[in-house]
Amino acid sequence: MSAHANTGGAGEPLLRVDDLAVHFETDEGVVKAVDGVSFEVQRGEVLGIVGESGSGKSVANQAIVGLVPRPPGFYPRGRIHFDGQQVLGLSERKLRDIRGNRIAMIFQDPMTSLNPYLKVERQLTELLERHRNLDRRKARTGAIDMLVQVGMPEAERRVDAYPHELSGGMRQRVMIAMALLCEPELLIADEPTTALDVTIQAQVLDLIRDLQARLGTSVILITHDLGVVAGMAHRVAVMYAGRIVEQADTDTLFAAPRHPYTGGLLRSVPRIDSEPGRAIEAIKGLPPNPAALPAGCFFSPRCGRASERCGQVYPDRDGDAGHYVHCHHPLSEGEP
Amino acid sequence: MTAGEQDGPPVAGQGAELVRGVSLWQDAWARLKRNRMAMIGAANTLLLVFLCFLGPIAVRAVWGYGYETQDLAYGARPPNAEHWFGTDFFGRDLLTRVLYGGQISLTVGLLAATVAATVGTLYGAVSGYLGGRVDNLMMRIVDVIYALPYMFLVIILIAIFQATNLVSLFVGLGMVGWLMTARIVRGQILSLKEREFVQAARSMGVSGPTTIVRHLIPNTLGPIIVYFTLTVPSMILQEAFLSFLGLGVQAPRPSLGALINDGAQHMTVFWWELVFPATAMAVLLFSLNFVGDGVRDALDPQMRGRG
Amino acid sequence: MTRFIVGRVLGLIPTLLVIVTLSFFVIRLAPGSPFTTERGVPKEVVEELQAHYGFDRPFQEQLFNYLANLASGNLGLSTKYPQRTVNEIIAAGFPPTLLIGSFALLWALLFGVSAGIIGAMRQNTVFDYGAMSLAMVGISLPTFVLGPLLALVFGLTLYVLPPAGWGAARHVVLPAVTLGTVYAAYVARLTRGGMLEVVRADFVRTARAKGLSEQLIIWRHMLRGGLLPVVTFLGPAIANILVGSVVVEKIFAVPGIGPYFVDAAFNRDYFLVMGIVVVYSAFLLVMNLIVDVLYGFLDPRVRYT
């Protein structure tokens, strides 16, 4: 299906992120936006990365394709292997061959993420011109085909529209078409539905799931909303203040969360099947200032289970690759 | 504008108004002090003001001559130990004339900018406060004047009325300068007058003019000051432009523009007559422009980098 | 779009009418007459001259006649240069003015846009500070300062370019550079500002995520949005370039329309002053219209109404 050669061995994950750290030089000192994050994405897998805004989930993923602005950003340590190739520190030229071609991204707000000055056609064809060496006419045909695939009504006509002439849902379809145009092996969807109306959200998620299944694309789905992850992801990583605090397959995570933060997130999701009268709980407090992280476990100031030790020592990893947690006092099964 | 560029959280409502009033100026001052080019410009401007206003007096006191004193036997000498900038065709000391010219430029610039700021502020405030049809008409007038090749009209006016004195110069320059201020103030007033504290003042029976002067204008002071500091160099420039065409300040008073004009006519032989006034003009504008830019960046961070 | 342009062109006529009437009033109501300055001219001769130019008629009739002539493209007779019509004077003087102005604008755009892009793409580096300091120097060098200095340095000291005169291509260089430099500086600052507005825009990040080259991102994705402030500035810039040409033509002895203007105003050469005002105003109005259309072309979100 894919035009790209698979240079990795059997069982080798498509993407392996190892101890990645992305820091920023700011006036208030070094901000450790991402600090020691590791995860893998298998071929055909959907990985959900969940966290509040500022948890570093977007930055970590922008680092994969080298989109972190440098300066002020820099990578003190870490490795990123994509299809067996180390991509962190790859030259800008080589990264450009990967971006939009083998790894594509969908961003949060299609209104601002599409260029308001260019027609949809130009914004799609330039990808095929760049990565497939197609001429403008063939690229146009390809663009229309892709728009049809993402369910754009009247694609033949809409391809000549400017973004402001399209509705929010149609704009996000254009974004998705743009991302999938070169049949990438990995799709990074960064809050793809946050800026959309609720009804459109479901349509867009269905579309991504559908295309993922059809094309076999691996997907990293970044969101603050566990509800989005539930029906989409095979595995989920929960990020807090630049680190992954818990990772498990989706069913396990929802059934038996072990980190108090994950538990808190789950309780703050309104559920249609919850008993009437059960209050929706919000997690107390605010995420920490990334320029002044607390000692010990970063979640401890907001955690009801925190002990003295939590304020002193960052908890080690507990559990295996299937389900692990960084917590001194993890929830046991059945605990709220 | 991305969130990261904003200085401090957005404030709204009347309660925040007072807090903002204090911290706005302190913030602005702190930002201005950090802007090295603006501070150099300000120091330079002060130095020039000092030199231009005291220099001619000192020269007259010590050497006993002024910008108008002729010494025909000593005409058109290049710079030397006695006359640092040389002398002109009539033997007048060029340094004194340049300093005096700078004095005229600064005075004209400040006064014309003050006139422009006052007229613009009042016009804009009235227009914005009254709103509706009056506002529409008043702004249409501004638009029409703005669309006119106004510098031509100024030239016509001055030439036709043979009114080459300081008063008509102010009128002419003032005509040019107030339009932008009027537009900006009007925009500010339009949004301010819907705010609670203005509504409160109105409901307590405070009259229209009082509301404008006491409540509305003070709250638009930031943009007014920004525009004022940017108008001063532009007025100096316009005055010099007119003087260069022989439409500004008249002989024997040497404005910088007139001196440059003289210099340009004699530059083939007396290069110093051109180089010194021209350099003085450029340095003066350069300093004032940096101050203006700094003040704008300090008071209106969102405007940074725009023209 | 076509309707918009036609509407705007028709809208120019009343504006022009207002300008003409206003100028006519200002000029004619001012004290003095074109003939009083000539000493020793017998009274009868002056009266004859007045009648020849129609100045003895009632004011409204004069205005009406002027407008009627204007409608047929006749700008009247010059009093200072009795052997030439205003049409002839302007036809001879406008091309050099236009030529210098066009090259000045070209220089302003070429230099300004490049410097602005460099400043924005290398924000807060030596390049940025260098370009912007240079721009500040440019803004502080008005035509009447820069012109004589350039003439002195390149024309009278280095002998590389003629310090004055007209007729050959090299005569255009110094006047155009003199006239354009201030605007080059403004354009540089505006371009930098506009580019900085879009440099962090989401859609530019999208373009990066597509793997496009940096040049393509600048040219295709950033420049349109980044240049909008410059386009807005073009209208006033063209007007000011025309005004500035008065000075530049004087400095470099260019046979343009500028020097006529001041002289004509001093000499009460009514029809010549009016003619220049009319032609300049019409030119400016048309240029502003073109700028508006250009703006809509660059930003598809602008609706023509």
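The values are calculated or read from the model by the stated rules, or taken from the named source; none is laboratory data. These numbers were taken from a predicted model, which means no experiment stands behind them. In this analysis, Cβ positions are derived from the backbone assuming ideal geometry, glycine residues included, and neighbour counts consider all displayed protein chains. Surface areas here come from the heavy atoms of the whole protein model, side chains and all, with no ligands, DNA or RNA. Shrake-Rupley method; radii C 1.70, N 1.55, O 1.52, S 1.80 Å.
Could you check how many residues of the stretch C:164-177 are within 14 Å of chain B (Cβ to nearest Cβ) and either closer than 20 Å to C:PHE127 by Cβ or open to solvent by 40 Å² or more (accessible area, probe 1.4 Å) (or both)?
Qualifying residue count for the region: 1.
Just name the residue that is farthest from C:LEU285 (Cα to Cα) out of those in the stretch B:111-168 that are within 14 Å of another protein chain (Cβ to nearest Cβ), modelled with pLDDT under 70 and open to solvent by 60 Å² or more (accessible area, probe 1.4 Å).
Among those that are within 14 Å of another protein chain (Cβ to nearest Cβ), modelled with pLDDT under 70 and open to solvent by 60 Å² or more (accessible area, probe 1.4 Å), it is B:GLN162.
Quick check on my filter: what residues within the stretch A:303-333 are of a type in the set (Gly, Ala, Ser) and surrounded by fewer than 13 Cβ atoms within 10 Å (Cβ to Cβ)?
A:GLY304, A:ALA321, A:GLY322, A:SER332 - these are the residues of the stretch A:303-333 that are of a type in the set (Gly, Ala, Ser) and surrounded by fewer than 13 Cβ atoms within 10 Å (Cβ to Cβ).
Within the stretch A:13-41, which residues are surrounded by fewer than 16 Cβ atoms within 10 Å (Cβ to Cβ) and on the phi < 0 side of the Ramachandran plot?
The answer is A:GLU25, A:THR26, A:ASP27, A:GLU28, A:VAL30.
(1) open to solvent by less than 60 Å² (accessible area, probe 1.4 Å); (2) free of Cβ contacts under 8 Å to residues at least 40 places away in the same chain: which one isn't true of B:GLN199, the others all being true?
(1)
Out of B:LEU230, B:LEU216, B:LEU237, report the one residue that is under 21 Å from C:GLU249 (Cα atoms) and either of a type outside the set (Val, Ile, Thr) or in contact with an Asp or Glu (Cβ under 9 Å, 6 or more places away or on another chain) (or both).
B:LEU237
Just to be sure before I move on: is C:PHE127 more than 25 Å from the chain's Cα centre (by Cα), open to solvent by 10 Å² or more (accessible area, probe 1.4 Å) and at pLDDT 85 or above in the structure I sent?
Considered against the rule, which asks whether it is more than 25 Å from the chain's Cα centre (by Cα), open to solvent by 10 Å² or more (accessible area, probe 1.4 Å) and at pLDDT 85 or above, C:PHE127 comes out as yes.
Is it true that some residue in the stretch C:156-168 is assigned to a helix (DSSP H, G or I) and in contact (Cβ under 8 Å) with a residue 24 or more places away in the chain?
Scanning the stretch C:156-168 turns up no residue that is assigned to a helix (DSSP H, G or I) and in contact (Cβ under 8 Å) with a residue 24 or more places away in the chain.
Evaluate the stretch A:138-157: report whether one residue or more is within 18 Å of C:ILE217 (Cβ to Cβ), at pLDDT 90 or above and β-branched (Val, Ile, Thr).
Scanning the stretch A:138-157, I find no residue that is within 18 Å of C:ILE217 (Cβ to Cβ), at pLDDT 90 or above and β-branched (Val, Ile, Thr), so the answer is no.
Does C:GLY180 qualify as being at pLDDT 90 or above, more than 14 Å from chain A (Cβ to nearest Cβ) and part of a helix (DSSP H, G or I)?
Taking the combined requirement at face value, the residue satisfies it.
Would you confirm whether or not the stretch C:113-123 contains a residue that is open to solvent by 30 Å² or more (accessible area, probe 1.4 Å), farther than 19 Å from C:ALA253 by Cβ and touching an Asp or Glu at 6+ places or on another chain (Cβ under 6 Å)?
Among the residues of the stretch C:113-123, at least one is open to solvent by 30 Å² or more (accessible area, probe 1.4 Å), farther than 19 Å from C:ALA253 by Cβ and touching an Asp or Glu at 6+ places or on another chain (Cβ under 6 Å), which makes the answer yes.
How about the stretch B:268-282: which of its residues are facing another protein chain (nearest Cβ under 7 Å) and in a helix (DSSP H, G or I)?
Scanning the stretch B:268-282 gives B:TRP271, B:LEU274, B:ALA278, B:MET281, B:ALA282.
Each row is one residue, and each column tells you yes or no for (1) β-branched (Val, Ile, Thr); (2) modelled with pLDDT under 80; (3) buried (at least 16 other Cβ atoms within 10 Å of the Cβ); (4) farther than 26 Å from B:PHE152 by Cα.
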{"residue": "C:GLY11", "(1), (2), (3), (4)": "no, yes, no, no"}
{"residue": "C:LEU16", "(1), (2), (3), (4)": "no, no, no, no"}
{"residue": "C:THR21", "(1), (2), (3), (4)": "yes, no, no, no"}
{"residue": "C:VAL26", "(1), (2), (3), (4)": "yes, yes, yes, no"}
{"residue": "C:PRO42", "(1), (2), (3), (4)": "no, yes, no, yes"}
{"residue": "C:GLU47", "(1), (2), (3), (4)": "no, yes, no, yes"}
{"residue": "C:LEU70", "(1), (2), (3), (4)": "no, no, yes, no"}
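Output the number of residues of the stretch A:147-194 satisfying the condition of being surrounded by fewer than 22 Cβ atoms within 10 Å (Cβ to Cβ) and among the small types (Gly, Ala, Ser).
The qualifying residues number 6.
Being surrounded by 23 or more Cβ atoms within 10 Å (Cβ to Cβ), in contact with a Pro (Cβ under 9 Å, 6 or more places away or on another chain) and modelled with pLDDT under 80 narrows it down to one of B:ALA264, B:ALA278, B:ALA240, so name that one.
After applying the criteria, what remains is B:ALA264.
Inside the stretch B:112-138, can you point out the residues that are out of contact with any helix residue (DSSP H, G or I) (no Cβ under 6 Å at 6 or more places or on another chain) and part of a helix (DSSP H, G or I)?
The answer is B:THR114, B:THR118, B:LEU122, B:VAL126, B:LEU130, B:GLY132, B:ARG133, B:VAL134, B:ASN136, B:LEU137.
Taking the stretch A:194-224, which residues are at pLDDT 85 or above and acidic (Asp, Glu)?
The answer is A:ASP206, A:ASP210.
Which of the helices (runs of 4 or more DSSP H) contained wholly in the stretch C:192-305 include at least 2 residues that are open to solvent by 30 Å² or more (accessible area, probe 1.4 Å), without any contact (Cβ under 8 Å) to a residue 60 or more places away in the chain and more than 14 Å from chain B (Cβ to nearest Cβ)?
Because the criterion is at least 2 residues that are open to solvent by 30 Å² or more (accessible area, probe 1.4 Å), without any contact (Cβ under 8 Å) to a residue 60 or more places away in the chain and more than 14 Å from chain B (Cβ to nearest Cβ), the helices (runs of 4 or more DSSP H) in the stretch C:192-305 that meet it are C:270-298.
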